[in-house]
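One structure is given here, and the rest of the page talks about it.
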Amino acid sequence: MRSNPLAGRAGAWLIYLVVLGGIIGGLYVATQRIDYSWNWQRIPQYLISNEGQERVAPFDGFVAVAEDGHSLTLKEMKGSRSITIRDFDELLVGDGDLVFENDPLARKRGLVAGPLLVGLWMTLKISALSLMAALVLGLLIGLGRVSRNSAVSGLAATYVEVIRGTPLLVQIFIFYFFVGTVMELSAFTAGVAALAVFTAAYVAEIIRAGIEAVPRGQMEAARSLGLSLPQAMRHVILPQAFKRTLPPLAGQFINLIKDSSLVSVMALTDLTKAGREVVSSTFSPFEVWFTVAGMYLLLTGLLSYLVRRLEKRLAHD
Amino acid sequence: MTESQVLIEVREVGKVYGNGVVGLRGVSLQVKRGEVVCIIGPSGSGKSTLLRTLNALEPISAGEIRVLGESVHDPRTDLNRLRARLGMVFQSFNLFPHRTVLDNLMLAPRVVSGVKPERARERALALLAKVGLADKADMHPGQLSGGQQQRVAIARALAMQPEIMLFDEPTSALDPEKVGEVLDVMKVLASEGMTMCVVTHEMGFARAVAHRVVFMEAGEIVYEDAPERFFTAPANERLRAFLGQVLKSA
């Protein structure tokens, strides 16, 4: 064994680095051949920009600037509303100007989140909310799957089949155009609902498998002590099932973060949509998409790290 | 109060499984307060099935079972309340692996009977001392030997202060050298006057502790008698054959 230098730990790392370097080098050579000019320096401003924050007019009206130039008042043209802004560094309008809704009034200097970071925040919000909803819904449907009442288990099984048998993108369209219209949902709510409904089907199957993996004797012992079915589920079966389902659940939630990129087809500026917008203003698709991919990787990596820590803690109990 | 004397009344109970296999056939049995009844028989004879019908872990197809004055298989019976009064010990222990030994004992009293945590803890510790495991309170079941786990399981059942204890082959999954410690705990229980139904292969225990021994074969109760006559001069050919086989292999 000793004679082979690649057999050891260091050897394995060497192979890893060589292959990885090869892939990156290959990519570089490939872009050289299509004569692509890399403009990485354009990317940071879309993460964090120092252009400052613009204050825009909330309604149509006339501007009045104070004598000292440090405060600005907007009076509504066709109403009696008025606002006064003091917190700015640079004035973008003059005294007596007529401005319309969303026109810039003033700018405050300083660092603000660029479109990519704002998109990342949106992705994070959508994922976190649909994750929580999917957990609750998936738990209910998973419990329905193991119910002895065949009406309940049949309904749960149908849900899982229908959702798993249709593409997520199609479901998002249905939620956006049909459910969203009928129930007057915002794009955000429709997006979260579509992702939650989709993920819940997979969560349900994971939870069903987890429950069925708990030995039957556990339920018998709990019931023989006088625990009701819900009590036995809550105190005996689910805590044991949860431990077993943690790894597959984590995988499903990482999928959820990635799947959330599909809601960019709705009028939602998530990370992917923000990426598309930045591409159209920079004409640097390679840099932008690599950056966007890296940001997704950051999110999913963080999640799997947290889950691994939770798993370790549970393993000690 | 004859009702309080007969705690278990099994009348003409039959059980047929979904696939047509007959599990029990016209079984009748009475157990009085303070009695220890051992059920023996070859595997597949229905003795575990019979025991499991007593707290409705197993449904029945015919007949009636009354336990502590209640009809066990009547849908109107509050099964959870009845089961709380009936302790059960399983062949495979079935301790809750995600909880400590102490929590195993405290769970049902707290959740089912609403006992205050301090009181439940006090009682659990006393029971652990009784089965000789006071020092294992904070361990998890996986850290205990089979014999210790089964003693915890007995303590867990006792924590509900049951009026009857059911034992389903409590020593069959144990290493031979661990059998004694579990049987010793059961002997103490019997000596305290606990009403017990014990499905077992431990002939020595049955002979020493039981007030009555029941022999089952092919889903039927073939013979029952006091232990002296049961083991020395049974008036039944099939039981003699069974005992002959068991004692020869022992």
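The values are calculated or read from the model by the stated rules, or taken from the named source; none is laboratory data. Predicted model, so just to flag it, every value in this text is computed and none were measured. Don't worry about glycine lacking a Cβ; one is built from the backbone with ideal geometry, like all the others, and counts go over all protein chains shown. All accessible areas refer to the heavy atoms of the entire protein, side chains included, with ligands and DNA or RNA removed. Shrake-Rupley method; radii C 1.70, N 1.55, O 1.52, S 1.80 Å.
Values as computed for the structure displayed
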{"item": "Flag for A:Arg33 being closer than 19 Å to A:Arg276 by Cα, open to solvent by 40 Å² or more (accessible area, probe 1.4 Å) and of a type outside the set (Gly, Ala, Ser)", "result": "no"}
{"item": "Helices (runs of 4 or more DSSP H) enclosed by region B:1-113 - at least 3 residues per element that are open to solvent by 10 Å² or more (accessible area, probe 1.4 Å) and not basic (Lys, Arg)", "result": "B:2-5, B:79-84, B:101-111"}
{"item": "Enumeration of residues in region A:270-294 that are open to solvent by less than 70 Å² (accessible area, probe 1.4 Å) and outside any helix (DSSP H, G or I)", "result": "A:Asp270, A:Ser284"}
{"item": "Hits in region A:238-268 (condition: within 24 Å of A:Gly180 (Cβ to Cβ), surrounded by fewer than 17 Cβ atoms within 10 Å (Cβ to Cβ) and of a type outside the set (D, E, K, R))", "result": "A:Asn255, A:Val265, A:Ala267"}
{"item": "Residues that are open to solvent by less than 90 Å² (accessible area, probe 1.4 Å) and at pLDDT 90 or above, drawn from region A:13-30", "result": "A:Ile15, A:Val19, A:Leu20, A:Gly21, A:Gly22, A:Gly25, A:Gly26"}
{"item": "Only listed residue being in contact (Cβ under 8 Å) with a residue 12 or more places away in the chain and in the same structural domain as A:Lys258 (by TED's automatic domain parsing), chosen from A:Gly94, A:Gly79, A:Gly119", "result": "A:Gly119"}
{"item": "Complete set of residues in region A:258-291 that are without any contact (Cβ under 8 Å) to a residue 40 or more places away in the chain and aromatic (Phe, Trp, Tyr)", "result": "A:Phe283, A:Trp289, A:Phe290"}
{"item": "Extreme residue, farthest from A:Gln53 (Cα to Cα), among residues of region A:92-112 that are open to solvent by 60 Å² or more (accessible area, probe 1.4 Å) and part of a strand (DSSP E or B)", "result": "A:Leu98"}
{"item": "Positions within region A:126-180 being touching a helix residue (DSSP H, G or I) at 6+ places or on another chain (Cβ under 8 Å), open to solvent by 60 Å² or more (accessible area, probe 1.4 Å) and small (Gly, Ala, Ser), in sequence order", "result": "none"}
{"item": "From A:Leu314, A:Leu262, A:Leu256, A:Leu303, residue being of a type in the set (A, V, I, L, M, F, W, C), on the phi < 0 side of the Ramachandran plot, at pLDDT below 90 and within 16 Å of the chain's Cα centre (by Cα)", "result": "A:Leu303"}
{"item": "Complete set of residues in region B:148-171 that are away from chain A (no Cβ under 14 Å) and either surrounded by 23 or more Cβ atoms within 10 Å (Cβ to Cβ) or at pLDDT below 95 (or both)", "result": "B:Arg151, B:Thr171"}
{"item": "Residue satisfying condition, being free of Cβ contacts under 8 Å to residues at least 40 places away in the same chain, assigned by TED's automatic domain parsing to the domain that holds A:Glu205, under 19 Å from A:Gly119 (Cβ atoms) and open to solvent by 70 Å² or more (accessible area, probe 1.4 Å), within set A:Leu306, A:Leu297", "result": "A:Leu297"}
{"item": "Set B:Gly142, B:Gly204: member being in contact with a Pro (Cβ under 7 Å, 6 or more places away or on another chain) and open to solvent by 30 Å² or more (accessible area, probe 1.4 Å)", "result": "B:Gly142"}
{"item": "Filter result for A:Glu287 (closer than 15 Å to A:Gln45 by Cβ and out of contact with any Lys or Arg (no Cβ under 9 Å at 6 or more places or on another chain))", "result": "no"}
{"item": "Condition check for B:Glu58: of a type in the set (D, E, K, R) and within 11 Å of chain A (Cβ to nearest Cβ)", "result": "yes"}
{"item": "B:Glu64 more than 14 Å from every other protein chain (Cβ to nearest Cβ), out of contact with any His (no Cβ under 6 Å at 6 or more places or on another chain) and not small (Gly, Ala, Ser)", "result": "yes"}
{"item": "Those helices (runs of 4 or more DSSP H) lying entirely in region A:150-269 with at least 1 residues of a type in the set (Phe, Trp, Tyr) and within 14 Å of chain B (Cβ to nearest Cβ)", "result": "A:238-259"}
{"item": "Pairs, first in the same structural domain as A:Ile237 (by TED's automatic domain parsing) in region A:122-149, second outside any loop (DSSP other than H, G, I, E, B) and basic (Lys, Arg), C-beta under 8 Å, six or more apart", "result": "A:Gly142/A:Arg208; A:Arg145/A:Arg208; A:Val146/A:Arg208"}
{"item": "Boolean, B:Asp175 is open to solvent by 10 Å² or more (accessible area, probe 1.4 Å), under 21 Å from B:Ala206 (Cα atoms) and without any contact (Cβ under 8 Å) to a residue 60 or more places away in the chain", "result": "yes"}
{"item": "Candidate set: region B:80-123, residues that are in contact with a Pro (Cβ under 8 Å, 6 or more places away or on another chain), over 27 Å from A:Glu311 (Cβ atoms) and of a type in the set (A, V, I, L, M); chosen: the one nearest to the other protein chains (Cβ to nearest Cβ)", "result": "B:Ala84"}
{"item": "Test: B:Leu133 is open to solvent by less than 10 Å² (accessible area, probe 1.4 Å), more than 18 Å from B:Ser191 (Cβ to Cβ) and modelled with pLDDT of 95 or more", "result": "yes"}
